[in-house]
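Laboratory data are not the source of any read-out in this text; all were calculated from the coordinates shown. Keep in mind it's a predicted model, so treat the numbers as computed, not measured. Ideal geometry is used to build each Cβ from the backbone, glycine not excepted, and the neighbour counts take in all protein chains shown.
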Amino acid sequence: MRLFVALDLPWEVKAELSDLSCNLPGARWVPEDNFHLTLRFIGEANRLQAEEIDSALAALRGRSFTFSLSGLGWFEKNGRVNTLYAGVERNDELARLQAKVEQALLRAGVPIERRRFTPHVTLARMDQPVTPALASFVQAHNLYRSAPILADNVILFSSYLGKDQPTYTPEAAYSLA
């Protein structure tokens, strides 16, 4: 099974993000139910590894906090846009939580993530160079800001790749005191 650790979003925020979808050429919009903030993508894990990951995450300690989404942007790879996203306002508590998740996963035998943590919520997948339409869309929505979002638990999700979109299933939730 493919696993990742994330913060879920309230339905009101998911609805706001869904309302941003439009007829943007080349964009494959993420379904509203799939919006989340990934703290750590794990990848393939067998049942034993999943149990070790579950035990490590169950030992997480931290306090609940709030964060806000802010602005839009995109990630590029080899000069091509692959992800359109909503950004996250700088938040030290979110960074601390992500570091705790990383340490817990390391204890469970998951290799350390080499990429720098860039908190975001994926809105659409793409595979194209930057276009004027994309730049205009991002500029037009760059003042987007969500209401504060309460992070009071961390969720271990499984991901099953379908022909159109992946299906995400919450496998376990770990409460932040």
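Given their separation in residues at 0.36 nm each and the Cα-Cα distance between them, residue 12 and residue 96 gain 27.7 nm when the chain is fully extended. Once the Cα-Cα distance is subtracted from the 0.36 nm per residue extended length, the residue 116 to residue 76 segment shows a gain of 12.9 nm. Here residue 32 and residue 160 are evaluated by their C-beta separation; at R0 = 22 Å the FRET efficiency comes out at 0.80. The alpha-carbon of residue 163 sits under 27 angstrom from the alpha-carbons of these lysines, leaving out residues fewer than 8 places away in its chain: 14, 77. For residue 82, the shell of other residues with beta-carbons less than 15 Å away shows a net charge of +3, using +1 for Lys and Arg and -1 for Asp and Glu. Backbone amide hydrogens, once placed in the peptide plane, bring residue 30 within less than 5 Å of 124, 125, excluding anything fewer than 5 places away on its chain. Considering only alpha-carbon pairs that sit under 8 angstrom and 6 or more positions apart, the relative contact order computed for the range 2-175 is 33 percent. Normalised by 2.2 N^0.38 Å, where N counts its residues, the alpha-carbon radius of gyration of the range 2-175 equals 1.04. Taking a ≥ b ≥ c as the square roots of the eigenvalues of the Cα gyration tensor of the range 61-151, is the shape rounded (a/c under 1.5), prolate (a/b larger than b/c) or oblate? Since a/c reaches 1.5 but b/c is at least a/b, the shape of the range 61-151 is classed as oblate. In plain terms, the chain from residue 175 to residue 106 could stretch by 22.9 nm, reckoned as 0.36 nm per residue minus the Cα-Cα distance. Modelled label positions at residue 47 and residue 139, each set 7 Å beyond Cα in the direction of Cβ, lie 5.6 nm from each other.
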